[in-house]
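The values are calculated or read from the model by the stated rules, or taken from the named source; none is laboratory data. Computed from a prediction, not measured in an experiment: that's the story for all the values here. We place every Cβ from the backbone using ideal geometry, glycine too, and count neighbours over all the protein chains shown.
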Amino acid sequence: MLDGLKNIGKIPELQRRILYSCLLLAVYRIGAHVPTPGIDTAALAAYFEQAKGSLLGFFDMFAGGALSNLSVFALGIMPYISASIILQLLTIAIPHLERLSKEGEAGRRKITQYTRYGTVILSLIQGFGISVGLENMAGPTGASIVMEPGWNFRLMTVITLTAGTAFIMWLGEQITEKGIGNGISLIIFAGIVCRGPAAIYETFSLLSAGEMGIFFIIILIVMMLAVVGIIVFMESGQRRIPVQYAKRVVGRKMYGGQTTHLPLKVNTSGVIPPIFASSIIMFPATIANFIDHPWMKAVSDALIPGRWIYESLYVAFIVFFCYFYTAVVFNPTDVSDNMKKYGGYVPGIRPGKKTAEYIDDVLSKLTFSGAIYVSAVCVLPSILISYFNVPFYFGGTALLIVVGVALDTAGQIETHLLTRQYEGFMKKGRIAKRR
């Protein structure tokens, strides 16, 4: 791995890409601390301290703390992610979008343009909702969060937050085009990782105060490394279905005859299921905070992370969305038809419908394994905090995103190295096998 890092310095283009990505991520982190006008930041911070387990706290995690500061980047990149997911789902229902998705680069550019429009529309709606909600909020002392409520504040907030999200979207696209890695994913990665130093400082503070023992911290570190290793193993895991292509004679040349494989990932749906599941469960709890009614208070208390009702619903939704999203992004019938079109077949399986049924059966079993794995990782933080009094959040959607983005970015860097005949990070490592 050290040899791979040394080889980065031998490729000026790769150095420029990495430096460019780091500079744009630094711009993003600076913008996350520029406040929106008209807000009492002290009252807002006190309010978010009480809302860590709500939907607001969940969105604040993806915004890298920008929402709790109500900075110009308060909405973060979530409107873009939501618009992308909506476009993916609409691709199945709307024939025009389905045709665009099959038109190659031109179709993808058009869908990207629609995604940008959707991002702006969602940002306008969410910005207006946040501005109205802030006017109705108050800190623990009863102080109003908004200094001068009214339409001037609402319009200013909507314009500021929408412009901030559009700028983040532009930063992400620039990183993808001129930097290294997926820009949108790296922005989310930076927002999550930036909270690491605070967690480390809090842990050592408890250690120095005698509230945590050194032996417990060592066990915790070993467990964290083991969990990260398991995630790397599962995210890199594939079931490779062998595919044989028959020989074809075209003119005087013979084509085909080679053996390849169809890779099926264990976790095809990625981090989408826990994001959807968290949003759906936390939404009633967040609404209940604004309604003073005993029944709503009971709902809010039941949907607190760590309670058995919350965790049961969380796991059930994750399993459901793992199957649902996998069915959306992977169609065994289309794969089978394309294989048959080019003379490919799975040994021992009849081409066409039987092949589609076989792929669907294998994919269903893999999805079940992936759903159990994702559920276990996402429930881990609640177990650590509730039963072992761990003072920071470890696991869940954040850890899946961090590890996944790190693997993909390292894979892209290694691709740059290998295409120029330099050694990658690992001679026989997992990163090379992911391709």
Residue under evaluation I431, criteria (1) modelled with pLDDT under 75; (2) within 20 Å of P197 (Cβ to Cβ), criterion not met: (2)
Criterion violated by S336 - all others in (1) touching a Gly at 6+ places or on another chain (Cβ under 8 Å); (2) surrounded by fewer than 16 Cβ atoms within 10 Å (Cβ to Cβ) satisfied: (2)
Residues of the range 360-409 that turn out to be charged (D, E, K, R) and either in contact with a Pro (Cβ under 8 Å, 6 or more places away or on another chain) or crowded, with 20+ Cβ neighbours inside 10 Å (or both), as a count: 1
Answer from T268, T286 - the residue that is surrounded by 15 or more Cβ atoms within 10 Å (Cβ to Cβ), β-branched (V, I, T) and modelled with pLDDT under 70: T286
Conditions (1) at pLDDT 85 or above; (2) surrounded by 15 or more Cβ atoms within 10 Å (Cβ to Cβ): number failed by I30: (2)
Failed item in (1) assigned to a helix (DSSP H, G or I); (2) closer than 23 Å to Q412 by Cα, with I219 passing the rest: (2)
Failed item in (1) farther than 13 Å from M78 by Cα; (2) modelled with pLDDT of 90 or more; (3) hydrophobic (A, V, I, L, M, F, W, C); (4) under 25 Å from the mean Cα position of the chain (by Cα), with I130 passing the rest: (2)
Of all residues making up the range 92-113, the number that are of a type outside the set (V, I, T) and not in a helix (DSSP H, G or I): 3
Residue count, the range 104-120 (criterion: loosely packed, with under 13 Cβ neighbours inside 10 Å and either of a type in the set (A, V, I, L, M) or closer than 21 Å to M156 by Cα (or both)): 2
Among the residues listed as I130, I188, I92, the single one being under 24 Å from G404 (Cβ atoms) and touching a residue at least 24 places away in the same chain (Cβ under 8 Å): I188
